[in-house]
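Nothing in this text is a laboratory measurement; each read-out follows from the coordinates by a stated rule. All values reported here derive from a predicted model rather than from experimental measurement. Don't worry about glycine lacking a Cβ; one is built from the backbone with ideal geometry, like all the others, and counts go over all protein chains shown.
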Amino acid sequence: MIQAAQNAISGMQANTLRLDVAAKNVVNARTVGRLDPYDGYHAQRVVQSARAGGGVDARPVPSATPPMPVHMAYDPRADAKGLVGAPDVNLAGEAVELRMAAQGYKANAAVLSVAYEMAGMLLDKRA
């Protein structure tokens, strides 16, 4: 039961990170920077891996997609063609990621609740 609780907590932490990263991507989707070399926001994604003893580790990594050229000739960071760089953020994909992370968090919270209930019932039976 303790292992189930630890697994659920690590899942909740991983989903919290997924929510945080997706929210940052959405907030920064329309930020711009110089195109070459790009100095704007780099979108991120979360990579999760299983722990040897159970649970999950999660860490943010920069997205490998290059910035999108956007025409903004009035921007002081624009190049000679009037282009600036913007992060390649898929807003629909980020909305899906936010929903999946929220559901994952809820599922792990339910597992944690059941683990604590089971521990409580075990202690009641032993008393």
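Using θ = phi - 60° and the Karplus curve 6.51 cos²θ - 1.76 cosθ + 1.60, what whole-Hz ³J(HN,Hα) does each residue of the stretch 30-44 get, with Gly and Pro shown as x?
Once rounded to whole Hz, the list reads 10, 6, 10, x, 4, 7, 9, x, 5, 10, x, 5, 9, 4, 10.
Whole angstrom only: what separates the Cα centroid of the stretch 1-30 from the Cα centroid of the stretch 41-57?
First find each Cα centre; the distance between them is then 9 Å.
Straight-line reach from K24: which lysines have Cα under 26 Å away, leaving out those fewer than 8 places along the same chain?
K106
By count of other Cβ within 10 Å, fewest leading, how are K106, K24 ordered?
Working: K106 12, K24 16.
Fewest-to-most ranking of K106, K24: K106, K24.
Tell me, I2, I9 in order of fewest to most beta-carbon neighbours within 10 Å? Before the final figure, lay out the partial values.
On the way: I2 8, I9 16.
The order, fewest Cβ neighbours first, is I2, I9.
Using the number of other C-beta atoms within 10 angstrom as an exposure proxy, rank D20, D36 with the fewest first. Mind dumping the intermediate values first?
Values: D20 14, D36 10.
Arranged by neighbour count, lowest to highest, D20, D36 become D36, D20.
Mean-square fluctuation check for the chain, GNM, Cα pairs under 10 Å: which of P60, P87, P76 is largest?
Checking each option, the largest mean-square fluctuation is seen for P76.
From the helices alone, meaning DSSP H stretches of at least four residues, give me the mean residue ellipticity at 222 nm for the chain, per-run term -39500 (n - 2.57), in deg cm²/dmol to the nearest 500. Walk me through the intermediate numbers first.
On the way: 2 runs with 62 residues, N = 127.
One gets -17500 deg cm²/dmol as the mean residue ellipticity at 222 nm.
Stokes-Einstein at 37 °C, 0.692 mPa s, Kirkwood radius from Cα pairs: D for the stretch 22-71 in µm² s⁻¹? Walk me through the numbers before you get to the answer.
Values: Rh = 12.8 Å.
Answer, rounded: 257 µm²/s.
Tell me the angle of helix 91-126 to the major Cα principal axis of the chain, expressed in degrees between 0 and 90 and rounded to the nearest ten.
So the helix axis and the longest Cα principal axis differ by about 20 degrees.
By how many degrees, 0 to 90 and rounded to 10, does the Cα axis of helix 2-27 deviate from the longest principal axis of the chain?
The angle comes out at about 20 degrees.
Give me the one-decimal nm value for the distance between modelled label points at D75 and M121, 7 Å along each residue's Cα-to-Cβ direction.
5.8
Using unit Cβ charges (K, R positive; D, E negative) and no other charged atoms, how large, in debye to the nearest 20, is the dipole of the stretch 2-126 about its Cα centre? Could the numbers behind the result be given before it?
Numbers: 13 positive and 11 negative charges, 57 e Å.
With Lys and Arg at +1 and Asp and Glu at -1, about 280 debye.
Would you tally the net charge around G104, using a Cβ to Cβ cut-off of less than 14 Å, leaving G104 out, and scoring K and R as +1, D and E as -1? Numbers along the way, then the final one.
Details: positive: R18, R99, K106; negative: D20, E97.
My count for the surroundings of G104 gives +1.
On the principal axes of its Cα set, how long, how wide and how thick is the stretch 79-127? Give whole Å, largest value first.
78, 17, 6
Average the reciprocal distances over every distinct pair of alpha-carbons in the stretch 2-126, invert the result, and give the Kirkwood radius in Å.
Details: mean 1/r = 0.0593 Å⁻¹.
Hydrodynamic radius (Kirkwood, Cα only) of the stretch 2-126 equals 16.9 Å.
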